[in-house]
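Undergrad: This is the structure I want to talk about, given as structure tokens.
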Amino acid sequence: MMVTVRISDDALAIACGADDVAKAFEKAGATVERVSSWGMQWLEPLVEISGIGFGPATPGDVQAILDGGADAICIGPIAAHPFIAGQQRLTFARAGKTRPTSLEDYEATGGWKGLNRARELGPEAAVEEVVSSGLRGRGGAGFPTGIKWRTVAGAKADQKYIVCNADEGDSATFADRMVMEGDPYMLIEGMAIAGFAAGATRGYIYCRSEYPHAIAKLEEAIHKSAHIVHPFVLEVREGAGAYVCGEETSLLNSLEGKRGEVRAKPPIPALVGLFGRPTIVNNVLSLAAVPFILAEGAKAYADCGMGRSRGTMPIQLAGNIKHGGLYETAFGITLGALVNDIGGGTATGKPVKGVQVGGPLGAYLHPDQFDIPFDYEAYAAVDALIGHGGITVFDEDADMAGMARFAMEFCAAESCGKCTPCRIGSTRGVELIDRILDRAPRTRDTVEALPQMHNAPKDQRSLDDEIELLEDLCETMKFGSLCALGGFTPYPVMSALKHWPADFGVATAKVPEAAE
Ligand SMILES: Cc1cc2nc3c(=O)[nH]c(=O)nc-3n(C[C@H](O)[C@H](O)[C@H](O)COP(=O)(O)O)c2cc1C
Ligand code: SF4
């Protein structure tokens, strides 16, 4: 009997050897179907035969799998695996199940239902459906998506644009990539709905150049679905790798062929965006949530979640974690459940020291904070971010002062240079943390070289003085920066200092309270 074997062609699976495993199955006479990834990264390459999973598989396991003797890597029915069964997959409903660029598979699994319903409802009602769903931007800022759409829909212009932010620069994030590689028509459908709702006939997907598989899949899918989304016309544009080009105004400059420098707001991109025209800029996950919302109704989406965080969040578990991968669930889950119960703790087996949530600008959370629910407001209340939903786990060996230094260094490297607190502050921040870590506070000579410092003490500075200066610098960056790159860099720095002062060589640190 001819066996059909399903193996992911997601970039992570390929990096783990999926292509070699697929070739070995073909050589053994099996039919291989390349599908999207289930998102259980520690099990890739994951092989599926009639719903039963084997992973991580190597070419050497192929014969044993076909002979029914690969018990050691058999995980049983994939859909019943606790990592999958515990999820509420609205956006990733097709993950692991369909061939990414197959129009047939997409249509057979409810594809285009949302676009068709939007066309039946009309533009205004389609916008209101997104407003009622409570969907908030998944790129980081959490701005209500429907309100942004309403602004663009209400603007008068000869041309409007839909821009998909697929720069996905945050550490520990890969959900956008998984959507683009695994379910590209869902993103195209979300953008076509946005275009229809706001009166925009052109769209751009700004994707980082480090995602060649995603770009290839998108281009194929755009070509094959052009007649379905007509008159909406879509193109992919490659970014060149600057983190700040994920910031929406910098991204628009980059799309226009200019330097990726942040624009001052106002005017907001919804009114004066790409080429000066009203533009919806939305993250991949925001747009990818829209087909479900239109197809199943706003209520079906709004019914999940807590408080003002409605719907589901595709959370990305990474770093030093045993079971890394994509976990989509309704808002409200605790960090402890994600890291310990679902993620299985650290990969090294050592105790968790801290967790960074929300990418390089996100705060480090201490295990004492593991009962905080995954919710925009609950995180903001402790000066933390949900961001794009990336979680990086660190074990007890991590040097949190070193991580604080890294945050400043990252900001210095990625700063667009437009405003002083970020451009200069981040470089001074690295120097300051170096002095703290080297236990070499600024000397009298260097203090005198900086007479403009209002609080510069006249004598040799102590370690505590330097810590105070770091806190001061963070306040200045937080409140004085033009965008969130400089404005949020203090979050990882201050949280590291607050929770692990010993790593900085001090007993305690006075960290300013959350700002409103
Ligand atoms: C430094 C910086 C980097 C950012 N990177 C991204 C990114 O990679 N992807 C993204 O969607 N949003 C990113 N954002 C947020 C965007 O500016 C913007 O809020 C988002 O694209 C809006 O879409 P949303 O409302 O759907 O989240 C970044 C913001 C900053 C300040
Ligand atoms: S905070 Fe940094 S990245 Fe943002 S505008 Fe200022 S210099 Fe540019």
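Undergrad: Give the residue, chosen from Ile391, Ile372, that is crowded, with 24+ Cβ neighbours inside 10 Å and either β-branched (Val, Ile, Thr) or free of Cβ contacts under 8 Å to residues at least 40 places away in the same chain (or both).
TA: Working: Ile372 fails: crowded, with 24+ Cβ neighbours inside 10 Å.
Only one candidate passes the filter, namely Ile391.
Undergrad: When only residues in region 122-136 that are of a type in the set (A, V, I, L, M) and in contact with a helix residue (DSSP H, G or I) (Cβ under 7 Å, 6 or more places away or on another chain) count, which is farthest from ligand 2 (Cβ to nearest atom)? Lay out the reasoning, then the answer.
TA: Filtering region 122-136 for residues of a type in the set (A, V, I, L, M) gives 125-127, 130-131, 135.
So of that shortlist, the ones also in contact with a helix residue (DSSP H, G or I) (Cβ under 7 Å, 6 or more places away or on another chain) come out as 126-127, 130-131, 135.
Details: Ala126: 34, Val127: 30, Val130: 29, Val131: 29, Leu135: 26 Å.
Looking at residues that are of a type in the set (A, V, I, L, M) and in contact with a helix residue (DSSP H, G or I) (Cβ under 7 Å, 6 or more places away or on another chain), I get Ala126.
Undergrad: Right, something else. For region 407-416, enumerate the residues that are touching a residue at least 40 places away in the same chain (Cβ under 8 Å) and away from ligand 1 (no atom under 13 Å from the Cβ).
TA: The answer is Met408, and nothing else.
Undergrad: In addition: For Met494, are the conditions met, namely being at pLDDT 95 or above and either assigned to a loop (DSSP other than H, G, I, E, B) or in contact with a helix residue (DSSP H, G or I) (Cβ under 6 Å, 6 or more places away or on another chain) (or both)? Talk me through it step by step, then tell me what you get.
TA: Numbers: at pLDDT 95 or above: yes; either assigned to a loop (DSSP other than H, G, I, E, B) or in contact with a helix residue (DSSP H, G or I) (Cβ under 6 Å, 6 or more places away or on another chain) (or both): yes.
Answer is yes for this residue.
Undergrad: Take the conditions in contact (Cβ under 8 Å) with a residue 40 or more places away in the chain, within 25 Å of Phe174 (Cβ to Cβ) and charged (D, E, K, R) and apply them to Glu44. Does it pass?
TA: It is false that Glu44 is in contact (Cβ under 8 Å) with a residue 40 or more places away in the chain, within 25 Å of Phe174 (Cβ to Cβ) and charged (D, E, K, R).
Undergrad: As an exercise: evaluate Thr427 against (1) at positive phi; (2) within 16 Å of ligand 2 (Cβ to nearest atom) and give the number of the one condition it does not meet.
TA: Every listed condition holds for Thr427 apart from (1).
Undergrad: Still on this structure, please answer the following. How about region 137-159: which of its residues are surrounded by 22 or more Cβ atoms within 10 Å (Cβ to Cβ), part of a loop (DSSP other than H, G, I, E, B) and away from ligand 2 (no atom under 16 Å from the Cβ)?
TA: Arg138
Undergrad: Another question, then. Assuming Gly354 fulfils every condition listed in (1) touching a Gly at 6+ places or on another chain (Cβ under 9 Å); (2) assigned to a strand (DSSP E or B) apart from one, which condition is it?
TA: (1)
Undergrad: Here's another thing I want to ask about it. Among the residues of region 360-395, what is the count of those that are farther than 21 Å from Pro314 by Cα and either part of a strand (DSSP E or B) or not assigned by TED's automatic domain parsing to the domain that holds Arg310 (or both)?
TA: Selection size over region 360-395: 1.
The values are calculated or read from the model by the stated rules, or taken from the named source; none is laboratory data. What you see is a predicted model; the values in this text were computed from it and never measured. Ideal geometry is used to build each Cβ from the backbone, glycine not excepted, and the neighbour counts take in all protein chains shown.
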